[in-house]
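Beneath this line is the structure, given in structure tokens, with notes to follow.
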Amino acid sequence: MKQPSFKFQSPTGMKDILPEEQVYFDAIEEVARKYASFYSFLRIDTPILEDYQLFAKGTGEATDIVEKQMYVLKTKGDEILALRPEFTPSLARSYFENGMIAWPHPVKLYTMGPVFRYEKPQAGRYRQFHQLNFETFGSKRPITDIEVIWLFYNILKDLKIKDLAVQINSIGDSQCRPYYKKVLVRYLKSQERNLCPTCKKRLKTNPLRVLDCKEEKCQKVISEAPQILDHLCDECKDHFKRVLEYLDDLEIPYILNPYLVRGLDYYTKTVFEIVSQSGPDGRQNALVGGGRYDDLLKLIGKKDIPACGGAMGVERVIALMKESGFKIQQATPQIFIAQLGDKAKTQTLKLMEDLRKMNILTESQLSKDSLTNQLKIANKLNVKFAVIIGEEEVLSKSVIIRDMSNGTQISASFDKAAEKIKQKIKGQKKS
Ligand code: ATP
Ligand code: MG
């Protein structure tokens, strides 16, 4: 076949979500909605574009996300906007903008949608991907950290993701972290020649990030670095101890990872990732990332509101759902309507509406004309009954209802057709 003279492709790292993929998104959204309503998280959606400064200030200028991965654009009105690379600053902005500060606290929100990061595409890493977020505003209690982890952990279990573990650490707060940073920087400076070029830069801009560098060169330096857990202030130490006790109580498997710092500026105290340990090594296995961010809301709204939340990578979860053979429950039609002639086609649409209102899943193929072909389709779909509306039925304002299991047919008036079909389905269920 001759190729068309133009050739467009979706942008690098951004893909179409085809129908066969949508069912996984639906399944995840359904589970998320179920958990959210049970644990009283309210749905929110925010614009995909935000003021560039929201992320520069909120996520942090020296983070990879802002520095390297953000899509920034200038509008015709000379505004500088960014495609959201994550949800948390957007939700914090919305909290203030919409007066949620006056709502009963903690305010518990969830959202799901696309986020954008300009990074090197590979399996499990895209430039447009989806996140599911749960965020809480207004509680400093360790149990709130656990509620967030508990929710994600159980959602993943519901989605049949195996071998889950929580990687967890505390990175202190504005009291103890500056001191630890000094200790760390002193140590890293003494090792500077053994660091990769990126970490040499990080040493000046974001020294904590050196701790989760994956470069082999840096591994030895990191393994001997002073650990933040040895430098936490009493409040942070106590908070972290409670978090770990709760994890023990709830029998959530966790790994204390002193090198987990997460890439963002705003975290305080608890940081965590949920990983699946099944599958081959070396792939992107972090499914959820999150933690406490007690200082972010002050930065955005000048009010001291503690907060905690997490984000799940939807595409990574879908990849594992497919691997584990997650069964997608798809409803199968009970009725197929076969039709012949223009008038029969509109009668079909009318009958479909009657059946839809009765919750009877019905299918038809209006663009087809041959009754034989349509009945073949009905057979393939394995429907219980086929309804036939031919020219004669149009004239006599009736339909034929055929029992597909034995080929017996009855005639019913068009007005009573839906009711009759309902009775037949019921009768069949009884026998
Ligand atoms: P990573 O270390 O894998 O880059 P991250 O720390 O940048 O992850 P977060 O900002 O914590 O990721 O986002 C939460 C989750 O979103 C991740 O755990 C992951 O499942 C998913 N995620 C992050 N970046 C991508 C991406 N480029 N493509 C697909 N999913 C992603
Ligand atoms: Mg990343």
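Quick notes
- Straight-line cross-link reach from LYS426 at under 16 Å between alpha-carbon atoms covers these aspartates and glutamates, not counting any fewer than eight positions away in the same chain: ASP403.
- Listed residue pairs exceeding 30 Å between alpha carbons, taken from LYS380/LYS422; LYS157/LYS384; LYS241/LYS303; LYS57/LYS204; LYS345/LYS422; LYS74/LYS269: LYS157/LYS384; LYS74/LYS269
- Taking the Cα centre of the stretch 335-425 as reference, the dipole from Cβ charges on Lys and Arg (+1) and Asp and Glu (-1) amounts to some 280 debye.
- Gain on full stretching of the segment that runs from SER396 to SER367 - 0.36 nm per residue minus C-alpha separation: 8.1 nm
- Using the Cβ-Cβ distance between GLU235 and GLU323 with R0 set to 30 Å, the FRET efficiency works out to roughly 0.10.
- Cα lying deepest toward the dipole's positive end in the stretch 276-409, options ASN406, SER364, LEU299, charges on Cβ: LEU299
- Neighbour count of at most 11 Cβ within 10 Å plus DSSP loop: longest chymotrypsin sites (Phe, Trp or Tyr not before Pro)-free window in the chain: 9-431
- For the stretch 1-145: rounded, prolate or oblate by the Cα gyration tensor [a/c cutoff 1.5]: oblate
- Working from label points 7 Å from Cα in the Cα-to-Cβ sense, the SER37 to ALA331 distance is 1.5 nm.
- Treating each Cα of the stretch 335-425 as one equal point scatterer and applying the Debye formula with no solvent, the log10 of I(q)/I(0) at q = 0.14, 0.16, 0.20 Å⁻¹ comes out as -0.40, -0.53, -0.87.
- Once C-alpha pairs closer than 8 Å and six or more residues apart are averaged by separation and normalised to the residue number of the stretch 335-425, the relative contact order reads 30 percent.
- Loop-located trypsin sites (Lys or Arg not before Pro) in the stretch 36-73 (DSSP state other than H, G, I, E, B) with a sparse environment of at most 15 neighbouring Cβ atoms within 10 Å: LYS68.
- Estimated inter-spin distance, ASN406 and SER174, nm [label 7 Å along Cα→Cβ]: 7.9
- Distance between the 7 Å Cα→Cβ label points at LEU18 and LYS376: 2.4 nm.
- Within the chain, helix-based [θ] at 222 nm, where runs of 4 or more DSSP H residues each add -39,500 (n - 2.57), nearest 500: -11500 deg cm²/dmol
- Extension gain from ARG186 to SER223, taking 0.36 nm per residue of separation minus the Cα-Cα distance: 11.8 nm
- Placing +1 on each Lys and Arg Cβ and -1 on each Asp and Glu Cβ, with no other charges, gives the chain a dipole about its Cα centre of roughly 640 debye.
- Selection of GluC sites (Glu not before Pro), the stretch 226-268, meeting DSSP coil and at most 12 other Cβ within 10 Å: GLU251
- Cleavage-rule hits, GluC sites (Glu not before Pro), the stretch 1-109, DSSP coil, Cβ neighbours within 10 Å at most 11: GLU79
- Most positive-pole-ward Cα, SER40, ALA27, ILE168, against dipole of the chain from beta carbon charges: ALA27
- Contour minus Cα-Cα distance for ASN359 and PHE6 (0.36 nm per residue): 122.6 nm
No lab work stands behind these numbers, since they all come straight from the coordinates. Since the structure is predicted, the reported quantities are computational estimates derived from the model, not experimental observations. Cβ coordinates were reconstructed from backbone atoms using ideal geometry, including for glycine residues, and neighbour counts include every protein chain displayed.
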